1. Return the average number of partner chain Cβ atoms within 10 angstrom of each residue Cβ along peptide B:182-189.
2. State the Cα centre-to-centre distance between region A:207-279 and region B:29-106 in whole Å.
3. What list of ³J(HN,Hα) values in whole Hz, one per residue of region B:80-93 in order, does the Karplus curve 6.51 cos²θ - 1.76 cosθ + 1.60 (θ = phi - 60°) give from phi, with Gly and Pro shown as x?
4. Taking the Cα centre as origin and putting +1 on Lys and Arg beta-carbons and -1 on Asp and Glu beta-carbons, what dipole magnitude results for chain A, to the nearest 20 debye?
5. Taking every pair of alpha-carbon atoms in chain B, what share in percent sits in each 5 Å bin, from 0 to the bin with the longest distance?
6. Indicate, rounded to the nearest 5 percent, the antiparallel portion of the DSSP beta bridges found entirely in the protein assembly as shown.
7. Dividing the Cα radius of gyration by the Kirkwood radius, what Rg/Rh value follows for the protein assembly as shown?
8. My understanding is that a pair violates if its Cα-Cα distance is over 24 Å; which of A:Lys238/B:Lys131; B:Lys105/B:Lys131; A:Lys221/B:Lys151; A:Lys325/B:Lys151 do that in this structure?
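The values are calculated or read from the model by the stated rules, or taken from the named source; none is laboratory data. Everything numeric in this text was worked out from a predicted model, so none of it was measured. Glycine also receives a Cβ, built like all others from the backbone with ideal geometry; neighbour counts cover every protein chain displayed. SASA here: full protein model, heavy atoms, side chains in, ligands and nucleic acids out. Shrake-Rupley method; radii C 1.70, N 1.55, O 1.52, S 1.80 Å.
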Amino acid sequence: MLPAFSVIFLTTLIGVGQGLFLALYTGQVYSLAKLLPAQDSLSFYAIGSFVALGFLAGGLLASFFHLGHPERAWRAASQWRTSWLSREVIVLPIFMSLVALYGLVHYVGWTTPMFTISGTLPVDFTLLVGFIASVAAFALFICTAMIYAGVRFVHEWHTWLTVANYLLIGLASGFMLAAAFSAYSSVPLVGFFGIWAVVFTLIALITRVTSLIRNRTLRHKFNLKSAIGVRHSNIQQKAQGFMGESFNTREFFHHKSEGVVRTIRYLFLLLVFLVPVVLIISSYLMQSTNLPIVAFLVQYLGLMLERWYFFAEANHPQNLYYQTKS
Amino acid sequence: MTQLALVIDLNVCVGCHACVTSCKEWNTSGWAGPMPDQRPYDADPCGVFFNRVQTYEIGEYPNTETLHFPKSCLHCEDPPCVPVCPTGASYKREDNGVVLVDYDKCIGCKYCSWACPYGAREFDEKNKVMKKCTLCIDRITDMSLPESERKPACVLACPTSARIFGDVHDPDSEASRAIREQGGYQLQPEWGTEPANHYLPRRRTLMHIHRDELIRADNPLKKEEVELPSDQETIDDIAW
Ligand code: SF4
Ligand code: SF4
């Protein structure tokens, strides 16, 4: 498939936004359980939520560049019964509104507990909104991933590993950004977020490499024989029906050499997984506040390559019909 | 329920592309149009077509066979491209089973094209919507046309009558009979998309001629000086 930059930005940016929000909320829940020092509502949670919102809005903006008719995008909310794309179109704005509300409530400091559960757990409005937003964040991960995992014709995507990768990579990059954000605003949570970022990055490494191995050994169940309905082991296309290009030759091929694809694979494995983990560990050892920021930037760069590869790797059965340009 | 479809006879298709050009001619100015081209007269031309004729070579020289293979939307009975459309722009007509795109609703997300294993949908770069074969919906439903012309443009244009148009749910239609009697098959049946369009396979025309059929033993002028194969009576004896 052709990797489209709009979709690369959309999926990576909202993944970071979702992950960052979940990181902030995890921090809040931990501090409630007195496992972490409580943070300032305004400077940490509110600003953090707005940063997450910024990433989500960036992703949303990128998605409009993918559409031929962005002014009709609202129509895409209508087929949620059958289309994962439609479900994503619904969940994304809901999640964004919840994050905005979460940030706003923290911003105005409306954090006096409304009631207390079993005498020990004070529940304020932010905790409730944050909980609903967290559910929406997970729902959004599933919707986004299922857009790809649900296309049963693309074997490379049609697996639970796609969902696992979107979820784990989103969490990893979000917690990485949370660590960077804490380091930037001198909040003593760098270690906490950093450890979780490393944990998610390493689990994501396992699922991503598993999917790479799976796709490498994948045996496609489609072939030219059933594509044109001729039982013969030696069929060659002599003409695809036109001598120039078509939508079919553009949209479904990555048009890069095998070498480029391979290089990008090694590069993304390095930049998404290895380098950020090393950077976070060294930042812990060196007590550096810059390294977590560098770690996030490197990982994000790697993520764009990872998404590029995700598309490039996918082999669509329609390609069987477009093998010979003449 | 009616399911209109094409049955394409690969045994008689000569790969002349008449269906391709007549399709473009009719549809670019009809309901489904326009079908714009980019750089039509330059290097690397590109454009929207609903129908393409491809050519395959089967076997190894000198034992090869050339197959011309027209390909368009197959109007699947269980079209995977329809449920994935987020806007409802892609739909299957209840009354005749034709799969269509509502160009006023389509947002151009291209998701449907990913969900078609046959590569039957082509994006219109100029109007930014998805296009595909409509079975000439504006012709086949136009009651002001005489019945003989209420057929897709490609069917009318085909010089070898390789394209049969009809209701594949009606067992007595010409299309159904052709599928049944001449081994009609579907493309990539393994997906369970149930394409409504069918293809008739290449058929080898074999004729067995026996030696005695080459010689007219009953030639009244006896030009061939045939010796009768035996002294006994033969059915050819009648001539004597
Ligand atoms: S051939 Fe492709 S576009 Fe046509 S109905 Fe089937 S899946 Fe949809
Ligand atoms: S490109 Fe148009 S018809 Fe296809 S899925 Fe998107 S909105 Fe539906």
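1. 3
2. 23 Å
3. For region B:80-93, the Karplus curve yields x, 6, 7, x, 7, 5, x, 9, x, 5, 8, 8, 10, 5 Hz.
4. Details: 20 positive and 10 negative charges, 279 e Å.
In debye, rounded to 20, chain A gives about 1340.
5. Result returned by the calculation: 1, 6, 11, 15, 16, 13, 9, 6, 4, 4, 3, 3, 3, 3, 2, 1, 0, 0.
6. Details: 29 of 33 bridges.
Bridges in the protein assembly as shown are about 90 percent antiparallel.
7. Taking Rh as the inverse mean 1/r over Cα pairs, Rg/Rh reads 1.16.
8. A:Lys238/B:Lys131; A:Lys221/B:Lys151; A:Lys325/B:Lys151
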